[in-house]
Amino acid sequence: MKQEDKELLLRDLCMRLPYGVMCSCIDNNFTPPSIDRELISINLQDETVIVSNDVWNSDFYIESIKPYLRPMSSVSELISAKEWSSLGGIELIDWYNANHIDYRGLIPKGLAIEAPKDMYDIK
């Protein structure tokens, strides 16, 4: 993973930390090698993240995880056009983060995975 991709992913995950973003974590020591966990902490100095499954915590290097995000096309399923247009600036970014919307284009870059429709409750 290129350094600029690591930095983009770390920036994105830092913004999503309060919202319970789920991640696919790759660990070739486990069977199956991919496990889904909730992001709970980020260490920017060594570029690691801590994820949890409510039983134990595990840490992974940033290269080993991909967050589950919703594509931008799902915005219309989550909010009316009138409500969406009334959001501005920081409010809009907060709404994207809270609803796990991929507004930075991580999915097309291969840095995130499209979330299954039932992964996050629509509130």
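The values are calculated or read from the model by the stated rules, or taken from the named source; none is laboratory data. Source: prediction; values computed, not measured. Note that we place each Cβ from the backbone using ideal geometry, even for glycine, and neighbour counts take in every protein chain shown.
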TODO: Consider residue 78 carefully, then state whether it is surrounded by 14 or more Cβ atoms within 10 Å (Cβ to Cβ) and at pLDDT below 95.
DONE: yes
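Looking only at residues that are out of contact with any strand residue (DSSP E or B) (no Cβ under 7 Å at 6 or more places or on another chain) and among the charged types (D, E, K, R) in the range 35-64, which one is surrounded by the most Cβ atoms within 10 Å (Cβ to Cβ)? Can you show your working first?
Of all residues in the range 35-64, those out of contact with any strand residue (DSSP E or B) (no Cβ under 7 Å at 6 or more places or on another chain) come to 43-46, 54-56, 63.
So of that shortlist, the ones also among the charged types (D, E, K, R) come out as 46, 54, 63.
Values: 46: 8, 54: 7, 63: 13.
Within the range 35-64, the match that is surrounded by the most Cβ atoms within 10 Å (Cβ to Cβ) is 63.
Here is a yes/no grid of residues against (1) in a strand (DSSP E or B); (2) on the phi > 0 side of the Ramachandran plot; (3) at pLDDT below 90:
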site: 15; (1), (2), (3): no, no, no
site: 35; (1), (2), (3): yes, no, yes
site: 59; (1), (2), (3): yes, no, yes
site: 66; (1), (2), (3): yes, no, no
site: 73; (1), (2), (3): no, no, no
site: 83; (1), (2), (3): no, no, yes
site: 94; (1), (2), (3): no, no, no
site: 97; (1), (2), (3): no, no, no
site: 104; (1), (2), (3): no, no, no
TODO: Among the candidates 18, 67, single out the residue that is of a type outside the set (A, V, I, L, M) and surrounded by 11 or more Cβ atoms within 10 Å (Cβ to Cβ).
DONE: 67
